[in-house]
Amino acid sequence: MAHSDPSPAPAGSSAAASAATMSDRIDAVRARTGELGEDLTRRIADTPLLALAGGIAIGALIGAALPPSQRERRTLGPVGRKLGAAAAEASRAAVSAGKQELGIGTAAKSPVEALADRAIGAVAAAGQAAAGAVKTTKKP
């Protein structure tokens, strides 16, 4: 059985070892942070539109989390109401056009072909109706 030295290690050597370990860890974190920064820069350069979309999404989340100021309410309130009204009208027009288009069919085609034609027509009519509703809502 080995006998260990009962005298404690000098306090200075333990502190020096801890400082060296801490310094090594800080250097490792700095190196890793630099690598992550380079990786992020490369990814942004490779896909700038994705980075832009991500930035816009983050900005929108932050903006949604913050309460609007009185000035924003005064300035943007009428615009928001107009946009909401235009969107509601476009939605109603699209639903109406889609219902009308789906009600029209031809007996000469197979049921699958007729359904596909009606679906395509409904989408096209809904888009046109929505665009028309937005245009008419914009006029003062």
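Can you tell me which residue is surrounded by the most Cβ atoms within 10 Å (Cβ to Cβ) among those in region 39-69 that are of a type in the set (S, T, N, Q) and at pLDDT 85 or above? Even if it seems obvious, please write down each step before you answer.
Step one: filter region 39-69 for residues of a type in the set (S, T, N, Q), giving 41, 47, 69.
If we keep only those that are at pLDDT 85 or above too, we end up with 41, 47.
Details: Thr41: 10, Thr47: 12.
Here the answer is Thr47.
Among the listed residues Glu89, Glu35, which satisfies the condition of being within 30 Å of Ala130 (Cβ to Cβ), of a type outside the set (A, V, I, L, M, F, W, C) and out of contact with any Asp or Glu (no Cβ under 7 Å at 6 or more places or on another chain)?
None of the others qualify; the one that does is Glu89.
Can Ala2 be described as surrounded by 10 or more Cβ atoms within 10 Å (Cβ to Cβ), at pLDDT below 85 and over 34 Å from the mean Cα position of the chain (by Cα)?
No, not satisfied.
The values are calculated or read from the model by the stated rules, or taken from the named source; none is laboratory data. If you're wondering where the values come from, they're calculated on a predicted model, not measured in any experiment. Note that we place each Cβ from the backbone using ideal geometry, even for glycine, and neighbour counts take in every protein chain shown.
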